[in-house]
1. Residue separation times 0.36 nm, minus the C-alpha to C-alpha distance between R142 and V4: what's the value?
2. Using r as the Cβ-Cβ distance of F19 and E171, and R0 as 41 Å, what FRET efficiency do you calculate, to the nearest 0.05?
3. List the residues whose amide H sits under 5 Å from the amide H of C95, counting only those 5 or more places along or on another chain, with H placed 1.01 Å from N in the peptide plane.
4. Take the alpha carbon atoms of the stretch 8-43, find their center, do the same for the stretch 56-80, and report the distance between the two centers in whole angstrom.
5. For A155 and S36, compute 0.36 nm times the residue count separating them, minus their Cα-Cα distance, and round to one decimal in nm.
6. Let me know the shape class of the stretch 9-182, please: from the alpha-carbon gyration tensor, a ≥ b ≥ c as square roots of the eigenvalues, rounded when a/c is under 1.5, otherwise prolate if a/b is greater than b/c, or oblate.
7. Express the carbon and sulfur contribution to the solvent-accessible surface of the stretch 1-130 as a percent, rounded to the nearest whole number, probe 1.4 angstrom.
8. Please identify, among I157, I135, I57, the residue showing maximal mean-square fluctuation in a Gaussian network model of the chain using a 10 angstrom Cα cutoff.
Amino acid sequence: MPLVPPYPVFIDSKVIGGFGRGSAELGIPTANIPPSDFLASGIPYGQTGIYFGLSKISGVYGTLSRQPAADGDATKPPENVITLTEKPLMPEDACVLPMVMSVGWNPFYGNTEPSAEIHVVHKFADQFYGADIKIAVLAYIRPESDFVSKEALIAEIMNDIRIAKEKLQEEDFKVVAENEFFQ
Ligand code: RBF
Ligand code: MG
């Protein structure tokens, strides 16, 4: 299967705080990015759903905390605040790696705000809030769906990962790792 325009779509972003469920609840950690960076990427109609591609996380990162709304309005929920430390990523974590990405409303959780999150297929030493993340989106896999159970959602994500790994064996997709975007 060749790369079909507009892919590869390159997104240069930063890791922000998510819903705190990925690692804790599903055992599938995701690096969240601002959904606006996805919308600005040129993917047609900002289509929600599941994609695969490549990503590289680099730079320095920090810790995430929940703090009262910056405008002092106590009726608003606490906000995610990232405090950057000077911790750089380990070289073995800061390379181009396979990824699956989920964009949309997480029907299984009924989110009221859209999210864009990337699961990098790699065992990382840490979580990387505030780090730089570069993404090459290579193809669409499927729309988001609702599931009867958490286990069914996890099984579907595992299948997405299997598809991504399989597709990334193909030369057309694999060579994108050499693109100057990742240098
Ligand atoms: N959430 C859904 O509600 N429906 C989905 O079909 C769905 N597919 C996903 C596929 C992948 C590859 C990933 C990484 C996440 C997916 N999620 C989906 C989002 C999942 O619910 C979310 O990552 C966690 O709730 C943490 O925010
Ligand atoms: Mg996340």
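The values are calculated or read from the model by the stated rules, or taken from the named source; none is laboratory data. Small disclaimer: the values here were computed from a predicted structure and weren't measured. A quick note on method: Cβ atoms are made from the backbone with ideal geometry, for glycine too, and the neighbour counts reach across all protein chains shown. For the accessible areas, the whole protein counts, side chains as well, though only heavy atoms, and no ligand, DNA or RNA atoms are used. Shrake-Rupley method; radii C 1.70, N 1.55, O 1.52, S 1.80 Å.
1. 48.1 nm
2. It comes out at approximately 0.65.
3. HN-HN under 5 Å from C95: I57.
4. The stretch 8-43 and the stretch 56-80 have Cα centres separated by 15 Å.
5. 40.0 nm
6. Oblate is the answer for the stretch 9-182, as a/c is 1.5 or above yet b/c matches or exceeds a/b.
7. Carbon and sulfur together cover 60 percent of it.
8. Among I157, I135, I57, the largest mean-square fluctuation in the Gaussian network model of the chain belongs to I157.
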